């Protein structure tokens, strides 16, 4: 009977450790380093022969380096006779170019949702949640937002960009009502944060009392942190698919939802051959 | 940039050819420009829109040559290449030929203890992305060609380096070709044969300890692991190697020493070799290598050492290193790459490019 072995890439040691803790395991020994010519070198430090291996690596930071490191680790485990190798990629790189749909892979893909964790956070941290409005910062996120709004039994709204003429800046139009309500912006990722900061301004001027932003992946590159500090958010909430410690030091408005238990439970269920679909609508304790 | 279409032969791909340089940083585009000059074609543009890649012209039905030189950021270089190859494939290019003068991760081509054979992984990834042919130069291990299931042309830089020796080193006839360790003896010999010179081989303590780690599982086990063996098994034990102190086999007294190797990266072993050769009476020391990686503080160490000149080709951009060290000289090999491109596109024989190349080169 194979055992679970969890290895961490260098992108997010903290999350990997949390996942291992939840499963009551130690992280597997692995040495990842770079030679002086910047080539990645990976050496697995313990036997994986016949084991069920999970490699945790997030597509953040130095994406190409982390991606190569992941590929090399997977390859190393395979040729060291691991029974099965599963990649746990909380934030999938290059996701804005290709959809991370199942049809694009020849192997089984489990695309987990942060939604249950987001719902839990809203109920526990926003006192006025029963009378709030969930807002999508663009038309593309309507489906995501309506799903959350339905489960909370609240209203939703969306902001869409109206392009008047070729050289003119897009106008942002709010569709729905936020007057005298708490507005919660929901999106899947925040990179430079230009869009959500504009959206926040729009919501305040439309009468919202407070604006929260909840984003699954907080990439926060370039001017993102300073934009958030200057904007009128009550809080900007992200999950820990991407390490946030450094950024939180520069921005007190950022709060983090820990999703390690979702990943740990997915690993446990996959290993035991149980259904993972329970996790699509529930947060494990 | 306008693309000038070449006259086509009967054997050439009907659509014509396009050359791209995959690198996003300017110093790496240099080689691509030089190659394109010879082929009389302008280099087409690829743009990187944040993380997206856009091909600026049609490649449908054409031979696409993608030139990629390895920069400081190896992993980014590889991803750039894979993305471009795949983009060309999904845009219906007829053939996608990678021109990768220095093939990265070529030192990780053997099974190390629970390591990955990264060259094989890379080869699989490139073929899967849609590469139909590979042109490279002086592969660290020729066996890497076998990792690919597409044709691989492993061109040689030696004719250029030999030409440099004959034209730029005035008393080269008084030189000795030196191998800084026994593993490069074959290469040294192939150079020496063509110049009608003698060779010398350096052997001893300061050698690359890494060679012991290749396939860390020893067979039979070394003396250290005695406890792990069942007492009744009569397996003969491997006597661990005893390395003699550094020696030079061959005479370099009163001669010019020319150390030849395929890659110069970490220079410690070259410096040690140079010291030894100086002690044994060599009055001038040259280092000739195809691929000048010269990472971290290699330039500074070379500048302060007994080495007189380091000659590398332009397979890897090294402008920064040249600024830090006046002893580094460059040999331009773009001509052979463009000739290879021309011949492949026209369906002509490549054997002319391999004449005078011995088995050991």
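In plain terms, the residue of A:197, A:41, B:88 with the fewest other Cβ atoms within 10 Å comes first and the most crowded comes last, giving A:41, A:197, B:88. Calculated on C-alpha atoms, the gyration radius of the protein assembly as shown divided by its Kirkwood radius gives an Rg/Rh of 1.04. Angle of helix A:115-125 to the longest C-alpha principal axis of chain A, folded into 0 to 90 degrees and rounded to 10: 60°. Does anyone have the angle between helix A:260-272 and the longest principal axis of chain A? Alpha-carbon axes, 0 to 90°, nearest 10? Between the helix axis and the principal axis of chain A, the angle is about 40 degrees. With 5 Å bins beginning at zero, the pair-distance distribution over Cα atoms of the range A:4-98 amounts to 3, 14, 25, 25, 19, 10, 3, 0 %. Considering every alpha-carbon pair of the range A:147-265, the percent of pairs per 5 Å bin, from zero through the bin containing the longest distance, is 2, 10, 20, 22, 19, 14, 9, 3, 1, 0, 0.
With a Förster radius of 30 Å applied to the C-beta separation of residue A:79 and residue A:17, the computed FRET efficiency comes to 0.70. Would you give the gap between the C-alpha center of the range B:109-167 and the C-alpha center of the range A:42-62, rounded to a whole Å? Spelled out, the Cα-based centre of one part sits 27 Å from the other. Extents of the range B:100-169, largest first, come to 45, 31, 15 Å (Cα atoms, principal axes, whole angstrom). Note on the range A:226-285: Rg/Rh from C-alpha atoms, Kirkwood Rh, equals 1.16. Relative to the longest principal axis of the Cα atoms of chain A, the long axis of helix A:13-22 makes an angle of roughly 80 degrees.
Here the simple spin-label model places points 7 Å from the Cα toward Cβ, and for residue A:46 and residue A:201 these points are separated by 5.3 nm. Panel order for A:175, A:135, by other beta carbons found within 10 Å of each beta carbon, from fewest to most: A:175, A:135. Take every DSSP beta bridge with both residues inside the protein assembly as shown and express the antiparallel ones as a percent of the total, to the nearest 5. Roughly 20 percent of the beta bridges in the protein assembly as shown run antiparallel, per DSSP.
Note on residue B:241 and residue A:155: the model spin-label points, each 7 Å out from Cα along the C-beta direction, lie 7.9 nm apart. Quote the FRET efficiency, to the nearest 0.05, computed for residue A:36 versus residue A:281 with a Förster distance R0 of 35 Å and r equal to the Cβ-Cβ distance. Efficiency, from the Cβ-Cβ distance: 0.10.
In terms of Cα atoms, the Rg and Dmax of chain A work out to 20.5, 65 Å. The stretch between residue B:110 and residue B:183, if pulled fully straight at 0.36 nm per residue, gains 24.8 nm over its current Cα-Cα span. The C-alpha radius of gyration of the range B:264-318, expressed as a fraction of 2.2 N^0.38 Å, stands at 1.10. Once the chain from residue B:58 to residue B:90 is taken as fully extended at 0.36 nm per residue, the excess over their C-alpha distance is 10.4 nm. Going from the residue with the fewest nearby Cβ atoms within 10 Å to the one with the most, B:278, A:130 rank A:130, B:278.
Quick note: the coordinates plus some simple rules give every number you see, no bench work behind them. For clarity, every value in this text was computed on a predicted model and none was experimentally measured. In this analysis, Cβ positions are derived from the backbone assuming ideal geometry, glycine residues included, and neighbour counts consider all displayed protein chains.
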